[in-house]
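Engineer: Here it is: the structure, laid out below.
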Amino acid sequence: MSRFILFIFSFFIAAPLFCQKQKTGFDAAFAKEFFGGNPNLKESSDRFLKEAFDAYSASDLDFASQNLCASKFLGIIDEYGKGLPQGAREYFFANPSVLEEFIFILSPKDNLKNVFKILSDIWAADAENFAKYPRLAIAIAIVFDTQPFLNWPHAQVSEEFLKRELPNPVESFKMWVAQRAKGRLLLQTERLSVEELKYMVASLATDEDREWVRRSVSVNISNIEKLYASVPYDYARLKAQAYNWSGEDYRLKTIKAVGGICTDQSYYMTEVAKICGVPAFIFSGAGADGFHAWGAYMLKPGAWNFDVGRYEESRFVTGHTIDPQTWEHASDHSLESLRESFRRNGKYRANQIHTMFAGEFASKDMTAKAEAAAKAAILQDSRNIDSWMLLLRIAEDAGKSESQICALYENAIKAFSRYPDIDAHLRTLLIKRYRDAGKDALAEKLSGSMIVKTKSSRPDIAMSFARAELESDIASGNADKLYSSYKRLLSGFRRDGAMCFKGITIPIINRLLAVDNFKDPEQIIKITRQVLKPAKNSTLDANISAVESQVAQIKASNSEE
């Protein structure tokens, strides 16, 4: 009995000590004591989660976030990062702001096993500088966890000339630290966020490139944009339509010496910027005037120039770039978050914390708390799509009425009116709900307003909505409505005849042929000529005639069968 009493007594002595340490904050002393006790990661994760919920209920947002991030961190390393050295674990626990930024930026696309392997290797190689430049280490880990695909940073140079292979992550970290120590970087690396640093460390420049830039190129923040035009434009390649690089090699000094087209100018500018410690990336877009590539770079933390080499007289679709963390297209919203720097804003951070708790509550079927947290997130800052999608999912799970859910969608659309990609995504979801409910008029109104809104600034989005509306008409089997809709929609794109012929006419004709409809394509072609009025013998006239001939051949072939 006495041994049992002593055990209980020691437990109640130890538990308050643990809680007391937490409430003094996550610091080096607490981190060392916690990990020195060889804790069970799963049990500790659950305990921190409970502390997080308690702190959140008490409206202590900072302490709630510290505990929830600690809980998530322990859960992740229990599954993916058991090799992470104790010193690195202690560092993350002792630096809540770094841990929070790490947890916030992790993506479902990340290879977490590789992320923690890279972090472990960097810590083992240079723990002192890891602690000095933690965000640099994290940026390298989430970019280098998977190799880039073959079309990055652009598709007009083959693997023969440019190996799509990132360097050894530890060596990359050491290189950046050495460059910073020698004063060769134009921006203070330690002041940049992980989100910003992603676009610096994602570089294919070789050591030879770096040395050549250091010796041969005079670079400062004010003249980076001049690097683009410093590469002579190769008009002979353009005239010959030789868009792919065929030079001797793709070293930066070769590009500068022999010249290139817009993709090479963009690559040169962005790689030189990165070498000098400035986050940068390539934009590309295709529009009525053809394909073009230009560059973007950071002017200072929270300020970017997105228009280096983007010609004002050309009307291009909004440029796309690749997010080096996921190797997928970065949304306009994520790019604007860089340009506007709203992720550095305290209200956006509060949104992320509330959103994180909303997700936790929702996963545990705590619907009322999840809904309250999601609404609190949106109240702090409405520019986080995750908050809205969570709130919509919670509303669905709670059995809210159709009108309530549609009202939420409408509010979300208003919140993202300045971000066309997300606006388009939300409208697409709401249009489907309207059509499923038989509210075609509302669906067409929502689609039509998006077409009007984006046909000049984002014709790619406008045409996607036009196609969707026409495909709905095809599915209805109402030919007269299809013709009327097509004529109306095509009229809105008359200024960009070649682009809308490719983006609307051809896809709709293909859709009709796919359902064995051989009559309507002929009428669509007839309307196309009436609306676009192509000049005789023009490229557009020739393209329409070519499609007309192909449709006739397909129709004849099917008649014979």
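All of the numbers you see were taken from the coordinates with simple rules; none came from a lab. A quick note: this is a predicted structure, and the numbers were derived from the prediction, not measured. Note: ideal-geometry Cβ built from the backbone for every residue, glycine included; neighbour counts use all protein chains shown.
Engineer: Ordered by packing density, taken as the mean number of other Cβ atoms within 10 Å over each peptide's residues, highest first, how do 165-172, 215-222 rank?
Structural biologist: 165-172, 215-222
Engineer: Tell me, what ³J(HN,Hα) does each residue in segment 483-490 have, in order and in whole Hz, if you take phi through Karplus 6.51 cos²θ - 1.76 cosθ + 1.60 with θ = phi - 60° and put x for Gly and Pro?
Structural biologist: 4, 4, 5, 4, 4, 5, 5, 5
Engineer: Next question. Can you pick out the pairs among LYS50/LYS364; LYS163/LYS256; LYS32/LYS369; LYS82/LYS364; LYS198/LYS369; LYS453/LYS487 whose Cα atoms lie more than 23 Å from each other?
Structural biologist: Check vs 23 Å cut-off fails for LYS32/LYS369; LYS82/LYS364; LYS198/LYS369.
Engineer: If you keep only loop residues by DSSP, which chymotrypsin sites (Phe, Trp or Tyr not before Pro) in segment 205-299 have at most 15 other Cβ atoms within 10 Å of their Cβ?
Structural biologist: Numbers: sites: TRP212, TYR228, TYR233, TYR235, TYR243, TRP245, TYR250, TYR267, TYR268, PHE281, PHE283, PHE291, TRP294, TYR297; in loops: TYR243, TRP245, TYR250.
Hits after loop and neighbour filter: TYR243.
Engineer: Right, something else. Considering only the other residues whose Cβ falls under 10 Å of the Cβ of PRO279, what net charge follows from Lys and Arg at +1 and Asp and Glu at -1?
Structural biologist: Overall, the nearby charge balance is 0.
Engineer: Using unit Cβ charges (K, R positive; D, E negative) and no other charged atoms, how large, in debye to the nearest 20, is the dipole of segment 451-561 about its Cα centre?
Structural biologist: It works out to roughly 680 debye.
Engineer: To continue, here is another question. Sticking with the crude label model, points 7 Å out along Cα→Cβ, report the distance from LYS253 to LYS533 in nm, one decimal please.
Structural biologist: In this crude spin-label approximation the distance works out to 5.8 nm.
Engineer: Using the Cα centre of segment 130-169 as the reference point, and only Cβ charges (+1 on K/R, -1 on D/E), how large is the resulting charge dipole? Debye, rounded to the nearest 20. Intermediate values should be presented prior to the final figure.
Structural biologist: Details: 4 positive and 4 negative charges, 55 e Å.
Once rounded to the nearest 20, the dipole reads 260 debye.
Engineer: A further question follows. If each of ALA546 and ARG494 carries a label point 7 Å out from its Cα toward its Cβ, how far apart are those two points in nm?
Structural biologist: Placing both labels 7 Å along Cα→Cβ, they lie 2.6 nm apart.
Engineer: Is the shape of segment 169-343 best called rounded, prolate or oblate, per the rule: a/c under 1.5 gives rounded, else a/b larger than b/c gives prolate, else oblate, with a ≥ b ≥ c the square roots of the Cα gyration tensor eigenvalues?
Structural biologist: Verdict is oblate for segment 169-343.
Engineer: Say each of ALA479 and GLU159 gets a label point 7 Å from the Cα, pointing the same way as Cα to Cβ; how far apart are those two points in nm?
Structural biologist: The answer from the label model is 5.0 nm.
Engineer: Longer than 30 Å from Cα to Cα, which of LYS109/LYS253; LYS347/LYS439; LYS432/LYS555; LYS132/LYS274; LYS182/LYS226; LYS42/LYS300 are they? Say none if no pair is. Write down the numbers at each step before the final one.
Structural biologist: Numbers: LYS109/LYS253 35 Å; LYS347/LYS439 37 Å; LYS432/LYS555 33 Å; LYS132/LYS274 20 Å; LYS182/LYS226 25 Å; LYS42/LYS300 41 Å.
Where the Cα-Cα span goes over 30 Å, the pairs concerned are LYS109/LYS253; LYS347/LYS439; LYS432/LYS555; LYS42/LYS300.
Engineer: Which trypsin sites (Lys or Arg not before Pro) in segment 496-561 pass both tests, a DSSP loop state and at most 10 other beta-carbon atoms within 10 Å? Provide the component values of the computation, followed by the final result.
Structural biologist: On the way: sites: LYS502, ARG511, LYS519, LYS526, ARG529, LYS536, LYS555; in loops: LYS519, LYS536.
Taking segment 496-561 and a limit of 10 other Cβ atoms within 10 Å, the loop trypsin sites (Lys or Arg not before Pro) found are LYS519, LYS536.
Engineer: I need the phi-derived Karplus couplings for segment 236-252: 6.51 cos²θ - 1.76 cosθ + 1.60, θ = phi - 60°, integer Hz, Gly and Pro marked x.
Structural biologist: 5, 5, 4, 5, 7, 6, 8, 7, 8, 5, 9, x, 5, 7, 10, 5, 4
Engineer: How about segment 107-210: which trypsin sites (Lys or Arg not before Pro) there lie in a loop by DSSP and see at most 13 other Cβ atoms within 10 Å?
Structural biologist: Filter output for segment 107-210: LYS109, LYS163, LYS182.
Engineer: Amide H to amide H under 5 Å from ASP234: which residues, 5+ apart in sequence or cross-chain, H placed 1.01 Å off N in plane?
Structural biologist: Counting only residues 5 or more places away or on other chains, the set is GLY260, ILE261.
Engineer: Rounded to whole Hz and in sequence order, give me ³J(HN,Hα) for segment 161-166 from the Karplus expression 6.51 cos²θ - 1.76 cosθ + 1.60, θ = phi - 60°, writing x for Gly and Pro.
Structural biologist: Once rounded to whole Hz, the list reads 9, 9, 6, 7, 9, 6.
Engineer: Under 18 Å between alpha carbons, and skipping anything fewer than 8 positions from LYS536 in its own chain: which lysines qualify?
Structural biologist: Excluding near neighbours in sequence, the set is LYS526.
Engineer: Relative to the Cα centre, what is the charge dipole magnitude of the chain, using +1 at the beta carbon of each Lys and Arg, -1 at the beta carbon of each Asp and Glu, and rounding to the nearest 20 debye?
Structural biologist: For the chain, the charge dipole is close to 1020 debye.
Engineer: Using packing as a proxy for protection, rank 416-427, 145-156, 341-352 so that the peptide with the highest average count of other Cβ atoms within 10 Å comes first.
Structural biologist: Highest mean packing first, the order is 416-427, 341-352, 145-156.
Engineer: Right, something else. With a sphere of radius 14 Å drawn around the Cβ of THR326, what net charge do the other residues whose Cβ falls strictly inside it have (Lys, Arg +1; Asp, Glu -1)?
Structural biologist: Taking every Cβ under 14 Å from that of THR326, the sum is -3.
Engineer: Just check the chain against the gyration tensor rule for me: Cα atoms, a ≥ b ≥ c as the square roots of the eigenvalues, rounded for a/c under 1.5, and otherwise prolate or oblate depending on whether a/b exceeds b/c.
Structural biologist: The shape class here is oblate.
Engineer: May I ask you to derive the FRET efficiency for SER363 and ILE221 from their Cβ-Cβ distance with R0 = 56 Å, giving the value to the nearest 0.05?
Structural biologist: On the way: r = 45 Å, r/R0 = 0.80.
Calculated value: 0.80.
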